[in-house]
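To start, the structure under review is shown below, and the notes come after it.
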Amino acid sequence: MSKKVSQTLKEKSNRAMGVNAADAKLTKSFMAVAFIALLVGGLLGLLQGLERAGLIQLPHWFNYYQVLTAHGILLVIVLTMFFTIGYFYSGLSHTLGGLLPKVRKMGWIGFWMQIVGLIIAVIPVLTGRASILYTFYPPMAASPDFYIGLAILVMGVWVCTFGAFINIANWRKMNKGKHLPIFAFFAMGVFTLMFFGSIGVTIEVITLIFWSAGILPTINVMVSRTLFWAFGHTLVNIWYLTAVSAWYVIVPKIIGGRRFSDTLTRVVIVLLVITNIPGGFHHQIVDPGMTQTLKFLHTFMSLSIAFPSLMTAFAMFYVFERTGRKLGGKGLFGWLKKLPWGDVRFLAPMIAMIAFIPAGAGGIAQTTNQLNQVVHNTMWVVGHFHLTVGTSVILTFFGISYWLIPHLSNRVLTPKMNKIGVIQTIIWTVGMIFMSGAMHWVGLLGSPRRTSYTTYGDNATALGWDPYLMFLAVGGTLLIIGVLIQVFAVFNMMFFAPKGVTEFPIAEPEDPEEKTPMWTERWGLWIVLMLIVVSMGYVIPLVDFIVNAPPGSPPFKTW
Ligand code: HEM
Ligand SMILES: [Cu+2]
């Protein structure tokens, strides 16, 4: 009894301090896994970078493709997924008055299912039975346990998405007629994409289990690739929307400003959710079997995402300029100097946003049929996603960690740790300029992606790539220093930083009088619209692939 009382007292005081201890523990667990994935994935990345530059040779029992598979899975699936779920769960807890006990339990069940799935999937990768890269394209086949692990991982993600939906639905029931707090609105968008975007790939993965186990003799390769990219492309936008949530909601508060129009922010979220999924064919522009019209439709949908992105760019610089001028910035660019460049919580996401300018431009180039022919499957593409996910998204996540981790641990960001963060951000930026720059360039010169070091029998063109690959290795080395600092910072802030209160920074809307129209809250309608748009993009090609199927493929082991 007395234990219970003291427990609730503790809970109350924690809530007054802005953090619910039980919810914080859940998010901290997600964060710990995310940053361990960064550490291991980063070390593997360095090995790849050194191998590609011809500086080291990986042994046959731990070869390039094995390492590359693990690097991809750890960084673009584990790191991003765990970070995203942990971050939004903490935000739901913070803005909706704590997670429901049921939802917290679902969070833990989802967490452990993901861990178990991950372990089951990673073992075959480490033992050389699944060197099929994170895209796991058939006809390359891993041993069945790899796909079983992936399936459990996705189910774990679903449990977390349902938890979020339940918490949000409960809040809406208790707060009829009110707008969902903006952070929870972002969470709703992200979890919607996460759930609907992963249904297709789950069907694919389950089919692959039977195929790799020999129960299904052949597989329809085009259907698999299409289901994969309906997910893969959505995953990209899940990261993007997560980063955008911090740009719209958190960054303005950190610089002492207010956030951009509430209505437009919500419209951007809804637009991204509705238009996102059927853009997947821009990853399959050179694939056979679908008509020009369909590819064009997907290109159109891909480019339509550029529209909310440009709105975001406008909104952010508007907020920066207004805040800078309010702080006394004069002249055309004086306001820029007034921004808190020395604050890692601003600097990291700011560089992330700036990186998105070339990153987004590269994406528009890639989604264009003719230009795609030039860069498809070259190192250019690798350069592109180290700028998008490896910089725009990850630097935003890093920036978030410098307030979220202290907030969750009831600790503070010390000036010293802030400085370490600023140094980390600069190292990451310089490292990525070298690495991603070299990747883009050497890709234009024809160097293929997903290929371990070779001179193709001392072919002159291939030898010409060497100097660029050297820059790649230099960048990779800087990046690993960045990884080590970042992981140190996260665990230091989690366990050792001085005790104190750190707020969860959520900016007020710029115009408190603004009446956001209630139709923005019609999530049922947005989901129906999304499903219509998804069907528009996928029903015809999938039916066509299945009805007019070419001969299926048996599994192949290419390594
Ligand atoms: C220490 C930092 C990093 C280094 C040195 C590094 C290096 C590399 C290299 C050399 C490749 C292989 C290129 C190829 O042969 O195709 C690669 C692939 C990749 N990297 Fe990184 N990377 C780093 C960080 C990251 C981060 C932070 C992310 C994402 C969050 C990321 C995501 C990926 C992905 C998705 C691939 C493609 C895997 C595939 O093609 O299957 N990397 N990286
Ligand atoms: Cu895409």
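Would you tally the residues in the range 222-237 being among the β-branched types (V, I, T), within 16 Å of ligand 1 (Cβ to nearest atom) and touching a residue at least 60 places away in the same chain (Cβ under 8 Å)?
Number of matching residues: 1.
Among the residues of the range 110-156 satisfying the criterion of being of a type in the set (F, W, Y) and farther than 16 Å from F210 by Cβ, which is most open to solvent (accessible area, probe 1.4 Å)?
This residue is W112.
Before we move on, is N369 open to solvent by 10 Å² or more (accessible area, probe 1.4 Å), out of contact with any helix residue (DSSP H, G or I) (no Cβ under 6 Å at 6 or more places or on another chain), at positive phi and not aliphatic (A, V, I, L, M)?
Considered against the rule, which asks whether it is open to solvent by 10 Å² or more (accessible area, probe 1.4 Å), out of contact with any helix residue (DSSP H, G or I) (no Cβ under 6 Å at 6 or more places or on another chain), at positive phi and not aliphatic (A, V, I, L, M), N369 comes out as no.
Are any residues in the range 50-72 within 22 Å of the chain's Cα centre (by Cα) and either closer than 14 Å to G475 by Cα or open to solvent by 20 Å² or more (accessible area, probe 1.4 Å) (or both), and if so, which ones?
Passing the criteria: L68, H71.
Restricting the search to the range 162-191, which residues are among the aliphatic types (A, V, I, L, M) and touching a residue at least 40 places away in the same chain (Cβ under 8 Å)?
A164, I166, I168, L180, I182, A184, A187, M188, V190
Filter the range 487-503 down to the residues that are surrounded by 19 or more Cβ atoms within 10 Å (Cβ to Cβ) and either under 30 Å from R266 (Cα atoms) or without any contact (Cβ under 8 Å) to a residue 24 or more places away in the chain (or both) and list them by number.
T502
Between W341, W335, W403, which is more than 14 Å from ligand 1 (Cβ to nearest atom) and loosely packed, with under 15 Cβ neighbours inside 10 Å? Talk me through it step by step, then tell me what you get.
Numbers: W335 fails: loosely packed, with under 15 Cβ neighbours inside 10 Å; W403 fails: loosely packed, with under 15 Cβ neighbours inside 10 Å.
Exactly one residue qualifies, and that residue is W341.
Would you confirm whether any residue within the range 539-554 is surrounded by 12 or more Cβ atoms within 10 Å (Cβ to Cβ), farther than 21 Å from V268 by Cβ and among the polar types (S, T, N, Q)?
Looking through the range 539-554, at least one residue is surrounded by 12 or more Cβ atoms within 10 Å (Cβ to Cβ), farther than 21 Å from V268 by Cβ and among the polar types (S, T, N, Q).
Among T323, T263, T291, which is the only one that is farther than 18 Å from L371 by Cα and open to solvent by 50 Å² or more (accessible area, probe 1.4 Å)?
None of the others qualify; the one that does is T291.
Out of the residues in the range 55-88 that are assigned to a helix (DSSP H, G or I) and among the polar types (S, T, N, Q), state the one that is nearest to ligand 2 (Cβ to nearest atom). Even if it seems obvious, please write down each step before you answer.
The first filter runs over the range 55-88 and keeps only residues assigned to a helix (DSSP H, G or I), leaving 60-62, 64-88.
Of the ones still in play, those that are also among the polar types (S, T, N, Q) are 66, 69, 80, 84.
Numbers: Q66: 26, T69: 20, T80: 14, T84: 17 Å.
Among residues in the range 55-88 that are assigned to a helix (DSSP H, G or I) and among the polar types (S, T, N, Q), the one nearest to ligand 2 (Cβ to nearest atom) is T80.
Do any residues in the range 238-260 that are within 16 Å of P340 (Cα to Cα) have Cβ atoms under 7 Å from those of residues that are among the acidic types (D, E), where the two are at least six apart or on different chains, and which pairs are they?
What qualifies is I254/D343; R258/E508; R258/E510.
I'd like to know if the range 235-253 contains one or more residues that are of a type in the set (D, E, K, R), within 24 Å of L79 (Cα to Cα) and open to solvent by 30 Å² or more (accessible area, probe 1.4 Å).
Scanning the range 235-253, I find no residue that is of a type in the set (D, E, K, R), within 24 Å of L79 (Cα to Cα) and open to solvent by 30 Å² or more (accessible area, probe 1.4 Å), so the answer is no.
Name the residues in the range 129-155 that are closer than 20 Å to F62 by Cβ and away from ligand 1 (no atom under 16 Å from the Cβ), would you?
Within the range 129-155, R129, S143, D145, G149 meet the criteria.
Might you check whether a residue that is part of a loop (DSSP other than H, G, I, E, B) and within 16 Å of ligand 1 (Cβ to nearest atom) occurs anywhere in the range 266-285? Break it down stepwise before answering.
Initial filter on the range 266-285 (part of a loop (DSSP other than H, G, I, E, B)): 277-279, 284-285.
The next check asks that each one be within 16 Å of ligand 1 (Cβ to nearest atom); those that pass are 284.
For the range 266-285, residues part of a loop (DSSP other than H, G, I, E, B) and within 16 Å of ligand 1 (Cβ to nearest atom): present.
Restricting attention to the range 420-437, and to residues there that are open to solvent by 40 Å² or more (accessible area, probe 1.4 Å) and touching a residue at least 12 places away in the same chain (Cβ under 8 Å), which single residue is farthest from H94 (Cα to Cα)?
Restricting to residues being open to solvent by 40 Å² or more (accessible area, probe 1.4 Å) and touching a residue at least 12 places away in the same chain (Cβ under 8 Å), the top hit is F434.
With respect to the numbered conditions (1) within 16 Å of ligand 2 (Cβ to nearest atom); (2) over 18 Å from the mean Cα position of the chain (by Cα), which one is the sole condition not fulfilled by N237?
Tallying (1) within 16 Å of ligand 2 (Cβ to nearest atom); (2) over 18 Å from the mean Cα position of the chain (by Cα), N237 fails exactly one: (2).
Give the residues of the range 34-54 that are assigned to a loop (DSSP other than H, G, I, E, B) and of a type in the set (A, V, I, L, M, F, W, C), sorted by residue number.
Residue satisfying the conditions is A53 alone.
Quick one: which helices (runs of 4 or more DSSP H) sit completely within the range 312-386 and have at least 3 residues that are within 16 Å of ligand 2 (Cβ to nearest atom), among the hydrophobic types (A, V, I, L, M, F, W, C) and in contact (Cβ under 8 Å) with a residue 24 or more places away in the chain?
Helices (runs of 4 or more DSSP H) meeting the threshold: 344-366.
Here is a list of conditions, (1) charged (D, E, K, R); (2) at negative phi; (3) in contact (Cβ under 8 Å) with a residue 12 or more places away in the chain, and R450 meets all of them except one; can you say which number that is?
For R450, the failing item is (2).
So, of the residues in the range 225-234 that are among the hydrophobic types (A, V, I, L, M, F, W, C) and open to solvent by 10 Å² or more (accessible area, probe 1.4 Å), which turns out to be nearest to ligand 2 (Cβ to nearest atom)?
The selected residue is W229.
Being crowded, with 20+ Cβ neighbours inside 10 Å and in a helix (DSSP H, G or I) is true for just one of L484, L469, L463. Which residue is that? Spell out the reasoning first.
Details: L484 fails: crowded, with 20+ Cβ neighbours inside 10 Å; L463 fails: crowded, with 20+ Cβ neighbours inside 10 Å.
Going through L484, L469, L463 in turn, the sole match is L469.
Out of all the residues in the range 452-460, is one or more part of a loop (DSSP other than H, G, I, E, B), under 27 Å from A21 (Cα atoms), more than 16 Å from ligand 2 (Cβ to nearest atom) and hydroxyl-bearing (S, T, Y)? I'd like the intermediate steps shown before the answer.
From the range 452-460, those part of a loop (DSSP other than H, G, I, E, B) are 452-459; that's our starting set.
Right, trim to under 27 Å from A21 (Cα atoms) and you get none.
Within the range 452-460, not a single residue is part of a loop (DSSP other than H, G, I, E, B), under 27 Å from A21 (Cα atoms), more than 16 Å from ligand 2 (Cβ to nearest atom) and hydroxyl-bearing (S, T, Y).
Report yes if some residue within the range 91-105 is open to solvent by less than 30 Å² (accessible area, probe 1.4 Å) and in contact with a Lys or Arg (Cβ under 8 Å, 6 or more places away or on another chain); otherwise report no.
yes
Across the range 295-311, what is the number of residues that are in contact (Cβ under 8 Å) with a residue 40 or more places away in the chain and open to solvent by 20 Å² or more (accessible area, probe 1.4 Å)?
So the count comes out to 7.
In this structure, is A213 in contact (Cβ under 8 Å) with a residue 40 or more places away in the chain and within 18 Å of the chain's Cα centre (by Cα)? Break it down stepwise before answering.
Working: in contact (Cβ under 8 Å) with a residue 40 or more places away in the chain: yes; within 18 Å of the chain's Cα centre (by Cα): no.
It is false that A213 is in contact (Cβ under 8 Å) with a residue 40 or more places away in the chain and within 18 Å of the chain's Cα centre (by Cα).
Filter the range 286-305 for residues that are assigned to a helix (DSSP H, G or I) and more than 12 Å from ligand 2 (Cβ to nearest atom); which is nearest to the chain's Cα centre (by Cα)?
S304
Could you check, for the range 274-285, whether at least one of its residues is of a type outside the set (K, R) and away from ligand 2 (no atom under 13 Å from the Cβ)?
yes
The values are calculated or read from the model by the stated rules, or taken from the named source; none is laboratory data. Not measured: the values here are computed from a predicted model. Glycine also receives a Cβ, built like all others from the backbone with ideal geometry; neighbour counts cover every protein chain displayed. Protein only, heavy atoms only, side chains kept; ligands, DNA and RNA dropped before computing areas. Shrake-Rupley method; radii C 1.70, N 1.55, O 1.52, S 1.80 Å.
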